[in-house]
Amino acid sequence: MPFTLYQLLWYFFIYAFLGWCLEVVFCTVNSGQWVNRGFLNGPVCPIYGTGMCIVLLVLEPLAGNALLLFLGSMVLTSALELATGFVLKKAFHTSWWDYSDQPFNIGGYICLKFSLAWGLVGMFAVKVLHPPVNRFVEWMPRPVGLALLVLWMAVFVADVAVTLRTLIGLERDLGELEKV
């Protein structure tokens, strides 16, 4: 494996945070008001962290081939977005995004426009963004990095637990309302 678990966890949290920033800026600009995007309450979008870890694991060796990097990023991230959207919809009966109004969409979970965008974002991330991210992770003293990872993981797990509890409670309450 080209990365250690330590590196992958750091990459996950860094890219989950950067993805949240990207989502917030994109949605705030499009709506004209602050939008806290994402599945969780905190400033992370796990789909971005997961997507970048997948892209790095599978495609970093292809970084020298722009076409393969673009196509691979497009396919891998779109497959992740499709699977995640489907699972979230089945589990919680709601959608966190909907591309139904976009041409060439699949179930509203993915569409050609954003698949192409994810291909470009993946290329940019691997070629431009990841080298300094990797240098930062390698620069950090290991004991400090481990302590911060433990803290981030604890906060992340707590956020997931609170979010799931809220969603399950909301689902139960909506079921009760339907009965009435």
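The values are calculated or read from the model by the stated rules, or taken from the named source; none is laboratory data. From a predicted model like this one, the values you see are computed outputs, not experimental measurements. Don't worry about glycine lacking a Cβ; one is built from the backbone with ideal geometry, like all the others, and counts go over all protein chains shown. Areas reflect the complete protein model, heavy atoms only, side chains present, ligands, DNA and RNA absent. Shrake-Rupley method; radii C 1.70, N 1.55, O 1.52, S 1.80 Å.
Brief remarks follow.
- Subset of the stretch 100-115 [within 19 Å of residue 71 (Cβ to Cβ) and either in contact (Cβ under 8 Å) with a residue 24 or more places away in the chain or in contact with a His (Cβ under 8 Å, 6 or more places away or on another chain) (or both)]: 106, 110, 114, 115
- Which numbered condition residue 32 misses (of (1) open to solvent by 40 Å² or more (accessible area, probe 1.4 Å); (2) touching a residue at least 40 places away in the same chain (Cβ under 8 Å)): (2)
- Any hit, the stretch 127-135, residues being farther than 17 Å from residue 16 by Cα, in contact (Cβ under 8 Å) with a residue 12 or more places away in the chain and in contact with a helix residue (DSSP H, G or I) (Cβ under 8 Å, 6 or more places away or on another chain): yes
- Number of the condition not met by residue 48 [criteria: (1) open to solvent by 30 Å² or more (accessible area, probe 1.4 Å); (2) closer than 23 Å to residue 111 by Cα; (3) not in a helix (DSSP H, G or I)]: (3)
- Filtered residue count, the stretch 107-124, keeping only those that are buried (at least 20 other Cβ atoms within 10 Å of the Cβ), touching a helix residue (DSSP H, G or I) at 6+ places or on another chain (Cβ under 8 Å) and of a type outside the set (Phe, Trp, Tyr): 6
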